Structure formats: C-alpha cells, structure tokens
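Enquirer: Would you mind keeping the following structure in view while I ask a few things?
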Amino acid sequence: LLDGAVVVEFVFWLVRPKGHFGKRGLLPSAPEFPTVKPDVLKLARAVEDALTGVAWRDDALIVDEHLAKRYGERAGVDIVIRQIAASDAGIPCGEMGPFEWESSKRPHPSRVKAAERAEKEKEKANG
C-alpha cells in the first residue's frame, strides 16, 4: 500500500446511448462529451474509496488529481497512480517521470492505437 503523497489520473469511459446512433452510424447531433450524470467528481470519489486499503492507506494521500469523462466502446475507468516525493513538489505532474504503480486492465482502443503509433515513430526515428 502506498503511504505517501500520490497523484492520480482517472479517465472514465461511458458507452453512448442507442439514441446517439442512426442507420448510418453516429448522429451529427450526438454530443461529443458525456455531459450527463453521474458527474466526474462522484465517479472519482467512488474509485478513491474503492482503492483505499488496496492501492493506498487512505485517499487523503491524494495531493493532485486529473479527471476526465469520455465516451468509449465500453464502460470502465483507466487509472494511473503515481507516488511523488518532496523533490517533485515544484514539478508539473505531467513531467514527473515514470509511473510507480499503474492499473489499466482495459485500455480504450484509441489509447492502444496511439501508443502503437508512438512506438512505430520512435523505432523509425532510431533507425
């Protein structure tokens, strides 16, 4: 269990309602983002509580949190947890380096494709 300051990122994936689709696929009138209940803070609180005693000693250890709610092919949540040290205090969260603990059992297909593209570009650049 983590027992120091942590930074978390939760990306919640909701499945689009059937009403967003017509005979030819996604309707132009379908919203891009899920601006429906539950709100992202309530979703985050539920995950924070569920991870207490599993990933961290107490959710009060969270000192920085990044939340998003999107539509995807399946419902779920991508979770990234990073323990930070005092030396990281002045560094923006995105620049803190590798994750110490990561959980993303069901990554969204768009994330997998983006990671594959990045890997191919890296291989191409390195010859």
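Enquirer: Take the residues in the stretch 34-63 that are of a type in the set (Asp, Glu) and open to solvent by 40 Å² or more (accessible area, probe 1.4 Å), then tell me which one is farthest from Arg82 (Cα to Cα).
Expert: Across the stretch 34-63, the extreme among qualifying residues is Asp39.
One line per residue, one yes/no per condition, for (1) modelled with pLDDT of 95 or more; (2) within 21 Å of Trp13 (Cα to Cα); (3) over 17 Å from the mean Cα position of the chain (by Cα):
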residue	(1), (2), (3)
Leu26	no, yes, yes
Pro34	yes, yes, no
Ala46	yes, yes, no
Ile84	no, no, yes
Ser87	no, no, yes
Ala118	no, no, yes
Asn126	no, no, yes
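Enquirer: Contact list please: Cβ distance under 8 Å, first residue in the stretch 25-39 and closer than 18 Å to Gly76 by Cα, second residue aromatic (Phe, Trp, Tyr) and exposed (fewer than 12 other Cβ atoms within 10 Å of the Cβ), pairs at least six apart or on different chains.
Expert: As it stands, the answer is none, since no pair meets every condition given.
The values are calculated or read from the model by the stated rules, or taken from the named source; none is laboratory data. All values derive from a computational prediction rather than experimental measurement. Please note: Cβ atoms are built from the backbone with ideal geometry, for glycine as well, and neighbour counts cover all protein chains shown. What goes into the accessible areas is simple: the full protein's heavy atoms, side chains included, and nothing from ligands, DNA or RNA. Shrake-Rupley method; radii C 1.70, N 1.55, O 1.52, S 1.80 Å.
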